[in-house]
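Trainee: Sharing a structure here in C-alpha cells format.
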Amino acid sequence: MLNIFNLKSYYGNISALHGINIDVAAGEIVTLLGANGAGKTTTLMSISGLVPPRSGEILFRGQPIHRMAPNKIVEMGISQVPEGRRIFPQLSVMENLDTGAFLRRDPFGVKEDLEYVFELFPILAERKNQAGGTLSGGEQQMLAISRALMARPQLLLLDEQSLGLAPLVIKLIFSIIMKINQEHNTTIFLVEQNANQALQVAHRGYVMENGKITMSGTSEELLANDGVRRAYLG
C-alpha cells in the first residue's frame, strides 16, 4: 500500500531524513520507533505532504504522492492523527468530526462513519455538543482519532498516541487501534515512543536513529532484539 524509496527531507538547510526506505502492506499495523528528534514525525509529515521531500519517492497504491498537496493526499485515502492531538478547541465535538469529513460527498457514508466512531468512543457521543477544548487529554485523543476516521482513510498515520496519557487510557487507545485495523480493514502506520506498547499491537516495525532506518523486522524479532530492548524497552 505504501512504499517509500530513498526519501530525503529537510527543514530549511537541515537534513532530517537521510534516504529512508519503508514499506507498509495493506492490512498491516507497522510501527516506527525511535528517540525524540530521530525523524519519525518528519516521516509522517512527508507522507502527508506537509514537509515535501527534497528527493526520493513516496508511492501510495503504486501512485506517486510526494509532489501532491496535502488535501489531495487526504482525498487519495491517507489521514494523519498528529502529535499533540491538535483538535479545534473552540469547536464542538460534532464540529471537529465534521471537519474530518469535509472533503467527502457521500452523506450516507459519513453518517455510517459517525455512528462507527461513536461506537468506538461512546463518551464522544455523550459530549458531542461540548467544546473540544473542555475534554480531558484522553478524550481529546479519542476525538483526534475519530476526526481522522471521518475521512474514511485506507491508511491511517498515528503520531505519538500515548503521549501524556494515563496508563489505562493508553491501554484503551491501543485496543481501539487494533479494532480499527481488524474490523474496519484500515492499514495503520504508527509512530510511537512507547515501544513496548507499539510492538504489542504491530505486525512489523522499523527503528529510526538520526534520520536513518537502522533496523527492521517483525514485532517478535524486535521485542527479542537486545539492542532494541536496551534502547527502548528498559
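Readers should treat all values here as calculations from the given coordinates under stated rules, not as data from a laboratory. Bear in mind the structure is a predicted one, so any value in this text is a computation, not a measurement. Backbone-built Cβ (ideal geometry, glycine too); neighbour counts: all protein chains shown.
Trainee: With contacts defined as alpha carbon pairs under 8 Å and 6 or more residues apart, what's the relative contact order of the chain in percent? It would help to have the intermediate numbers written out before the result.
Mentor: Details: 443 pairs, mean separation 64.3, N = 234.
Relative CO of the chain lands at 27 percent.
Trainee: Suppose a student asked you for the relative contact order of region 94-214, using Cα pairs under 8 Å spaced at least 6 residues apart; what percent would you report?
Mentor: Once normalised by length, the contact order is 24 percent.
Trainee: Non-local amide H neighbours of Met208 (under 5 Å, H modeled in plane, Pro and chain starts lacking H): which ones?
Mentor: Leu33, Gly34, Thr214
Trainee: With runs of 4+ DSSP H residues as the only contributors, calculate the mean residue ellipticity of the chain at 222 nm using -39,500 (n - 2.57) per run, divided by the residue total and rounded to the nearest 500. The partial results should precede the final answer.
Mentor: Details: 9 runs with 86 residues, N = 234.
Value at 222 nm, helices only, nearest 500: -10500 deg cm²/dmol.
Trainee: Across 5 Å bins from 0, what is the distribution of all Cα-Cα pair distances for region 20-102, in whole percents?
Mentor: Once binned at 5 Å, the Cα pair distances of region 20-102 give 3, 11, 21, 23, 20, 13, 7, 2.
Trainee: Would you mind telling me the antiparallel percentage of the DSSP bridges in the chain, rounded to 5? Walk me through the numbers before you get to the answer.
Mentor: Numbers: 22 of 39 bridges.
Taking every DSSP beta bridge within the chain, about 55 percent pair in antiparallel fashion.
Trainee: Shifting gears a bit: Give, as a single signed number, the net charge of other residues whose beta carbon lies under 14 Å from the beta carbon of Gln63, with Lys and Arg counted +1 and Asp and Glu -1. Show your work: numbers first, answer last.
Mentor: Numbers: positive: Arg61, Arg67, Lys72; negative: Glu57, Glu75.
My count for the surroundings of Gln63 gives +1.
Trainee: Which order, highest average first, do 109-121, 157-169 follow once you tally other Cβ atoms within 10 Å for each residue and take the mean per peptide?
Mentor: Details: 109-121: 16.3, 157-169: 18.0.
Packing proxy ranking, top to bottom: 157-169, 109-121.
Trainee: Two decimals, Cα atoms only, Kirkwood Rh: what is Rg/Rh over region 59-129? Before the final figure, lay out the partial values.
Mentor: Numbers: Rg = 14.2 Å, Rh = 14.0 Å.
In region 59-129, Rg relative to Rh is 1.02.
Trainee: Another question about this same structure. Using the Cβ atoms and a cut-off under 10 Å, what net charge is assigned to the surroundings of Leu163, where Lys and Arg are +1 and Asp and Glu are -1? Don't skip to the answer; put the middle values down first.
Mentor: Values: positive: Arg85; negative: Glu83, Asp159, Glu160, Glu192.
So the surrounding residues net to -3.
Trainee: A follow-up question, please. Put one equal scatterer on each alpha carbon of the chain, apply the Debye formula with no solvent term, and list log10 I(q)/I(0) at q = 0.10 1/Å to two decimals.
Mentor: -0.44
Trainee: Follow-up question, since we're still on this one. Once you've got the Cα coordinates, tell me which of Lys8/Lys111; Lys72/Lys212; Lys128/Lys212; Lys111/Lys179 are over 30 Å apart. Don't skip to the answer; put the middle values down first.
Mentor: Numbers: Lys8/Lys111 40 Å; Lys72/Lys212 27 Å; Lys128/Lys212 42 Å; Lys111/Lys179 20 Å.
The answer is Lys8/Lys111; Lys128/Lys212.
Trainee: What's the angle, to the nearest 10 degrees (0 to 90), between helix 107-120's Cα axis and the longest principal axis of the chain?
Mentor: Rounded to the nearest ten degrees, it is 80.
Trainee: Once phi is turned into ³J(HN,Hα) by the Karplus curve 6.51 cos²θ - 1.76 cosθ + 1.60 with θ = phi - 60°, what whole-Hz value does each residue of region 72-79 show in order, with x for glycine and proline?
Mentor: 5, 5, 4, 4, 5, x, 10, 10
Trainee: Highest first, please rank the peptides 134-141, 179-186, 192-199 by the mean number of other Cβ atoms sitting within 10 Å of their residues.
Mentor: 192-199, 134-141, 179-186
Trainee: What does the charge count around Ala125 come to, taking other residues whose C-beta lies under 15 Å from its C-beta (Lys +1, Arg +1, Asp -1, Glu -1)?
Mentor: Numbers: positive: Lys111, Arg127, Lys128, Arg147; negative: Glu95, Asp98, Glu112, Asp113, Glu115, Glu119, Glu126, Glu139.
Local charge sum for Ala125: -4.
Trainee: Rounded to whole Hz and in sequence order, give me ³J(HN,Hα) for region 144-158 from the Karplus expression 6.51 cos²θ - 1.76 cosθ + 1.60, θ = phi - 60°, writing x for Gly and Pro.
Mentor: 5, 5, 5, 4, 5, 5, 5, 7, 6, x, 7, 10, 10, 9, 10
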